[in-house]
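These notes are about the structure you will find just below.
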Amino acid sequence: MVMTQQNPDPHDSAVMSITEHLGELRTRLINVAWILVLGFLAAYFFSERIFDFIRGPIVPYLPAGTTGLYFTSPIEKFMAHVKVSFLGGCIITSPLWLYQVWAFIAPGLYRKERSFATGFMFSGVTLFVGGCAFAYYLVLPLAFKFLLGFGGTTDAPMITIGEYLDFIIKFFLAFGFSFEMPVVIVFLGLMGLVTSEQLRKGRRWAVVIIALVSAVVTPPDAVSMLALMIPLVGLYEVSIVLVRIFAGKAQTHSG
């Protein structure tokens, strides 16, 4: 028996052909491109302030009398501001382009799946930004204090804009994506691939893996490693609780 829906959603995956899906994808990609371009232009207008903010963690640890970084080619500073503007544009317009992603995938989901997906997207963005903020306000100052103060004051650092920006971006990405761990683990729990009991039993191995990851993605100093490792261990413990809660609810609804 075939059941029909009254007033079906024109974007519902059940009534959209492959051509319509491709057309919808093209529309969403064009919208995302325009959003990112407008975000870039808006951020470029404030690129000096944004770069001052990004430069903030290292300035107190530069040699006395030095308030900025160096650049070794005529185009280096300009390209740094372009990178900063693009990153800033991606961040400030994230609600808009994430909505475009959501608008494309949502019609193919059931109502319960939509509620989970909304929670995952919101939690993912929040944790990523939280990881970057944690790195900016706590870890980077500690890392620069150790790295730039190591070995006395005889040698003076000459850090270029490009090198610093690459370092900062890698640092933000490392902490931002690392803080996504609860989202990934809860997703695996909802799919039935892991249980809270398995996570508890594998706690020791998880700590070892977290320690190895922290050692790889942070600068070669114990301060940065511990600054990433400790919150990740805490997030792992939170993940165990969340898997028990949400996986239990999912099983109840499916039953």
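Residue by residue, the range 229-236 carries 3J(HN,Hα) couplings of 5, 4, x, 5, 4, x, 5, 5 Hz when phi is fed to the Karplus relation 6.51 cos²θ - 1.76 cosθ + 1.60 (θ = phi - 60°); x denotes Gly or Pro. Once both labels are positioned 7 Å from their Cα atoms along Cα-to-Cβ, the gap between residue 36 and residue 163 label points is 3.0 nm. Compute log10 of I(q)/I(0) for the chain with the Debye formula, placing one identical point scatterer on every Cα and leaving out solvent, at q = 0.14 Å⁻¹, to two decimals. Computed log10 I(q)/I(0) values: -1.10.
When you count the other C-beta atoms within 10 angstrom of each residue and take the mean per peptide, 85-98, 205-218 line up highest first as 85-98, 205-218. Note on the range 16-108: Cα Rg divided by 2.2 N^0.38 Å, N the number of residues, gives 1.53. Close amide H partners of residue 160, meaning residues 5 or more places away or on another chain with modelled amide H under 5 Å apart, are 70.
For the listed peptides 21-28, 138-145, 193-200, a ranking on the average number of other beta carbons within 10 Å per residue, highest first, reads 138-145, 193-200, 21-28. Note on residue 138 and residue 82: the extension gain reaches 17.5 nm, defined as 0.36 nm multiplied by sequence separation minus the Cα-Cα distance. Applied to the range 164-173, the Karplus parametrisation 6.51 cos²θ - 1.76 cosθ + 1.60 on θ = phi - 60° returns per-residue 3J(HN,Hα) values of 5, 5, 4, 4, 5, 4, 4, 5, 4, 5 Hz, with x for Gly and Pro. Working from label points 7 Å from Cα in the Cα-to-Cβ sense, the residue 59 to residue 215 distance is 3.7 nm.
FYI, it's all coordinate maths here, none of it is from the lab. Bear in mind the structure is a predicted one, so any value in this text is a computation, not a measurement. Every residue, glycine as well, gets a Cβ built from its backbone with ideal geometry; the counts of neighbours run over all protein chains shown.
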